[in-house]
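Everything on this sheet refers to the single structure shown next.
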Amino acid sequence: MLFPPHLSPEEVQTVRLVKKFREACDVRNVQLVMELYPTLLAAKVLDSYDTRRITQVLHVRIRNENNPGKRDELFPFVQQVVDHLRTGVLEPHHYAFVHLFGIYKDAKRFDEGHELWQWLVQQDERYVSQAAYGAAIELMAYGRLTGLPQLEELYTDGLKRFPGTFAEYHLSPDAIVSDRTQLTTIAGIPTILLQGILTARILARDWKKAYLALDTALRIYPTQTPPRYFELFMIERPISEGYTAFMLACRAGIPMRPTHVTALITKLRAAMGASQSMADRVMLLRAIANAIYGHLEAGGNLQSIHVGSFFRAFELLLPEPIAGEDYVGEAAEMRNILVVTAHEMMSELIQAGMSPELQPFEALISISGKLRVPSLLSTTLQDIEAAGLKLGPIGKRTVITAAGLLKDQRMLEEYWSLVVSDAEANSAQIPFEDWITLTKACRRAGHEDYFRTQLLKLPYAINENTERYLVQQIDIPETPSALHDVYQYMSLQDLTAELDALKTQMKDIETVVMSGQPLDLHASPLYMHLDSQHPSLGPKEDLRAVYDELTTDPHQLPPPLATLDSLVQPAVSPTGIPLDELRFQNWVTIHEMLDTASDYESDLLHAVDTAIKAGTPLKGTPELLRLRKDAPTPRSRAGLSLKIKELRASRPEDVTIFRKIGSEDIYKRREAMITKHIAKEEGETLLPGKKGAPTIRKYIGLKSYHDAPAKSIRRVKLSDGKVEEVPGGVVAADDSQAPAKDT
């Protein structure tokens with residue numbers, strides 16, 4: 001590193017330290033940042049961007065630190081940084097406070113964060129920003145420090161305090177995008193502020209306004225909405241809505257983290273286990289495949305943990321017989337079809353280029369036990385050996401469990417001996433998870449004597465409390481699943497048809513894996529809901545007409561249609577969808593989600609009321625109240641328009657005939673223009689009308705179905721003293737936009 005010749009040795013050393021400090025920030029080395037900070041602060045060489053770097057490093061570390069003790073160790077330094085910002089020792093950066101509020105939120109130090117906000121909100125724009133407002137709203141929402149009405153007021157304050165970006169208009173639910181075919185290029189739209197109020201709304205169960213915030217974000221940034229927007233719905237809303245939120249992101253090419261996919265599949269499998277309908281379970285299995293495909297289309301990679309979870313879901317499609325017994329009759333036929341299907345899909349994925357890893361193989365081992373297929377167990381173990389893989393602790397437990405269900409005592413003993421060898425090699429006790437697995441497997445396999453022999457042979461590998469518990473467990477009798485009596489089976493024909501559709505989905509996944517490129521969504525589309533046959537709110541032509549009615553300004557000319565010679569071509573999403581079409585599809589999906597949410601809330605309220613009247617706890621899983629959507633009664637285009645407005649309205653009285661175009665301030669100015677009297681003749685005065693006389697009825701926006709206002713009468717006194725009744729013209733929307741004239 002070369003330095004200017006005029007630098008002193010101390011200055012050269014300082015430059016080196018600054019470089020070292022910034023490199024530490026880049027690699028998230030918190031300890032080194034904390035060590036260098038006092039020296040660099042004293043030298044007064046830290047600028048505002050260094051302040052942002054420091055808070056970002058701390059935020060990432062605290063967010064990813066699961067150990068509360070280690071997290072607490074960082075807080076003296078966090079507080080030191082905050083103190084230096086408040087006293088002016090450290091250069092402020094407005095985004096640093098976004099990270100600080102995130103730190104306080106993630107560490108659940110809500111009161112400390114609120115104290116910082118009370119100071120920050122009084123500072124100038126070097127300190128405070130719309131993003132800081134959003135982060136503070138989110139902090140207070142999670143900390144339950146104030147109610148939603150107060151947070152809505154804070155959101156409005158954040159919009160009004162920074163009028164230069166016109167954010168109050170752009171973030172309003174009915175704002176117009178001037179060119180729906182292009183990306184939004186307006187700088188400074190505060191997505192973090194919108195995210196903050198969305199968070200507050202969804203935590204307060206104001207789901208309707210939360211959806212309108214998501215709709216707003218997707219209207220402005222159809223391909224760039226932050227993943228956190230979708231994650232909130234995945235976490236806070238029922239699976240039927242959270243799933244669609246995930247698929248919205250995938251269709252737009254917005255990549256979600258692999259952990260999001262893992263959590264989603266876990267919820268889908270839990271819903272499968274709670275459902276008493278085989279048709280619903282198969283639907284959810286297909287939804288898992290659709291989610292994996294969507295993740296690939298959005299630019300994600302095929303993860304073995306996701307493939308393993310998908311295959312494990314196969315074992316949930318049939319109620320399990322009592323240990324040691326097999327499936328019979330049509331259930332046995334279904335079992336055979338399921339096992340063959342799963343094994344073929346696994347083989348074809350590997351042939352397509354999926355790297356062989358343990359989780360999918362462990363899933364097949366689990367299936368072999370749950371569905372009572374000994375040949376699948378032996379074949380899978382051979383495949384693992386051929387792939388050069390070695391089972392870990394989880395895999396060995398899975399084999400022991402399967403061997404117990406199959407009553408394969410030889411294999412049970414073989415894999416238990418491997419568990420014992422591993423413990424002895426590490427001079428460690430055998431974990432409780434292994435002991436309880438052995439206990440249940442021996443009980444199911446009728447191998448209780450072997451279990452007791454192992455207790456006697458391995459006293460050093462188990463503690464007294466665990467041994468006492470296991471001795472009780474070995475004698476508990478196996479009981480048949482209660483699901484057998486209530487399970488709603490599919491017909492063999494229907495199951496085969498659904499599995500054929502699933503195979504088609506898996507072919508798309510195989511093609512993406514093989515080619516390394518996403519597929520054309522027009523040819524191989526995603527579906528957006530749990531049910532691939534989810535009914536639409538109306539015909540596409542009618543939806544498009546209502547969409548155009550509500551998202552365009554009738555007084556603004558549409559952008560010219562692009563041709564091959566146009567300098568600016570229509571933008572497309574990373575998934576190949578033109579933005580005009582994607583914005584429309586997002587709008588349709590958001591309103592389908594609103595409709596689903598409305599049904600869910602009604603179902604939940606009914607279930608709660610029923611439970612209260614019966615004096616019993618709410619039974620079942622609220623998530624499963626409505627997995628499928630009934631087809632709606634066909635609507636006219638006007639009826640569809642009214643339905644959309646009802647879904648968007650917070651209150652029934654908010655469903656108005658006429659739509660306001662533009663911001664609220666613009667609308668108020670227009671109202672003033674309409675009601676203002678304009679003198680037509682010198683000396684003219686306006687006289688009070690007769691009681692009951694018609695009055696001017698103002699309206700904004702042209703609708704094909706509006707009621708024309710009644711004719712109004714003006715009584716005017718002319719300059720010669722005469723009084724005449726003059727018909728008042730209807731004030732049209734075009735007139736309302738004209739500048740006001742002086743009176």
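Just name the residue that is surrounded by the fewest Cβ atoms within 10 Å (Cβ to Cβ) out of those in the stretch 481-519 that are part of a loop (DSSP other than H, G, I, E, B) and over 28 Å from the mean Cα position of the chain (by Cα). Can you show your working first?
Quick first cut of the stretch 481-519, residues part of a loop (DSSP other than H, G, I, E, B) only: 481, 486-487, 489-491, 516-519.
Next, only the ones that are over 28 Å from the mean Cα position of the chain (by Cα) stay: 481, 486-487, 489-491.
Details: S481: 11, V486: 9, Y487: 16, Y489: 15, M490: 18, S491: 12.
Among those residues, the one meeting the criterion is V486.
Assess whether E333 counts as being touching a residue at least 12 places away in the same chain (Cβ under 8 Å) and more than 22 Å from K407 (Cβ to Cβ).
Numbers: touching a residue at least 12 places away in the same chain (Cβ under 8 Å): yes; more than 22 Å from K407 (Cβ to Cβ): yes.
Taking the combined requirement at face value, the residue satisfies it.
Filter the stretch 1-53 for residues that are among the aromatic types (F, W, Y) and part of a helix (DSSP H, G or I); which is nearest to P92 (Cα to Cα)? Walk me through how you get there before you give the answer.
So in the stretch 1-53, the residues among the aromatic types (F, W, Y) come out as 3, 21, 37, 49.
Next, from what is left, pick out any that are part of a helix (DSSP H, G or I): 21, 37, 49.
Working: F21: 18, Y37: 15, Y49: 8 Å.
Across the stretch 1-53, the extreme among qualifying residues is Y49.
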Inset, instruction - Determine whether the stretch 453-465 contains at least one residue that is under 21 Å from L264 (Cβ atoms), of a type in the set (A, V, I, L, M, F, W, C), in contact (Cβ under 8 Å) with a residue 12 or more places away in the chain and buried (at least 18 other Cβ atoms within 10 Å of the Cβ). - result: no
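Here is a list: E413, E344. Which entry is of a type outside the set (K, R) and in the same structural domain as A428 (by TED's automatic domain parsing)? Show your work before the answer.
Working: E344 fails: in the same structural domain as A428 (by TED's automatic domain parsing).
So the residue among E413, E344 that is of a type outside the set (K, R) and in the same structural domain as A428 (by TED's automatic domain parsing) is E413.
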Legend entry - Sole residue being surrounded by fewer than 16 Cβ atoms within 10 Å (Cβ to Cβ) and either touching a residue at least 24 places away in the same chain (Cβ under 8 Å) or of a type outside the set (F, W, Y) (or both), chosen from E478, E549: E478
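For S347, indicate whether it is more than 20 Å from T504 (Cα to Cα) and surrounded by fewer than 22 Cβ atoms within 10 Å (Cβ to Cβ). Break it down stepwise before answering.
On the way: more than 20 Å from T504 (Cα to Cα): no; surrounded by fewer than 22 Cβ atoms within 10 Å (Cβ to Cβ): yes.
In short, no.
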Legend entry - Single residue of P431, P374 found to be in the same structural domain as S309 (by TED's automatic domain parsing), in contact with a helix residue (DSSP H, G or I) (Cβ under 8 Å, 6 or more places away or on another chain) and either closer than 28 Å to L455 by Cβ or surrounded by 15 or more Cβ atoms within 10 Å (Cβ to Cβ) (or both): P374
Legend entry - Search result, residues across the stretch 244-257 that are part of a helix (DSSP H, G or I) and either farther than 18 Å from T575 by Cβ or not hydroxyl-bearing (S, T, Y) (or both): A245, F246, M247, L248, A249, C250, R251, A252
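Within the stretch 332-365, can you find the residues that are part of a loop (DSSP other than H, G, I, E, B) and on the phi < 0 side of the Ramachandran plot? First the steps, then the outcome.
Keep residues of the stretch 332-365 that are part of a loop (DSSP other than H, G, I, E, B), which gives 353-357.
Scanning the stretch 332-365 gives M354, S355, P356, E357.
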Inset, instruction - Please determine, by comparing only the residues of the stretch 298-321 that are small (G, A, S) and buried (at least 22 other Cβ atoms within 10 Å of the Cβ), which one is nearest to Q517 (Cα to Cα). - result: A298
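Here is a yes/no grid of residues against (1) part of a helix (DSSP H, G or I); (2) in contact with a Cys (Cβ under 7 Å, 6 or more places away or on another chain); (3) farther than 25 Å from P356 by Cβ:
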{"site": "I367", "(1), (2), (3)": "yes, no, no"}
{"site": "R372", "(1), (2), (3)": "no, no, yes"}
{"site": "K396", "(1), (2), (3)": "yes, no, no"}
{"site": "I400", "(1), (2), (3)": "yes, no, no"}
{"site": "F451", "(1), (2), (3)": "yes, yes, yes"}
{"site": "V471", "(1), (2), (3)": "yes, no, yes"}
{"site": "T479", "(1), (2), (3)": "no, no, yes"}
Inset, instruction - Among the residues of the stretch 25-44, count how many are over 15 Å from H84 (Cα atoms) and either surrounded by fewer than 18 Cβ atoms within 10 Å (Cβ to Cβ) or free of Cβ contacts under 8 Å to residues at least 24 places away in the same chain (or both). - result: 8
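Matching residues to (1) surrounded by fewer than 17 Cβ atoms within 10 Å (Cβ to Cβ); (2) among the aromatic types (F, W, Y):
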position: N64; (1), (2): yes, no
position: Q80; (1), (2): yes, no
position: L90; (1), (2): no, no
position: Y95; (1), (2): no, yes
Legend entry - Total residues in the stretch 396-428, condition surrounded by fewer than 16 Cβ atoms within 10 Å (Cβ to Cβ) and polar (S, T, N, Q): 4
Inset, instruction - Mind listing whichever residues of the stretch 243-266 are of a type in the set (K, R) and buried (at least 18 other Cβ atoms within 10 Å of the Cβ)? - result: R251
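The values are calculated or read from the model by the stated rules, or taken from the named source; none is laboratory data. Quick caveat, the model's predicted, so the values are computed rather than measured. So basically every Cβ, Gly included, is an ideal-geometry build from the backbone, and we count neighbours across all protein chains shown.
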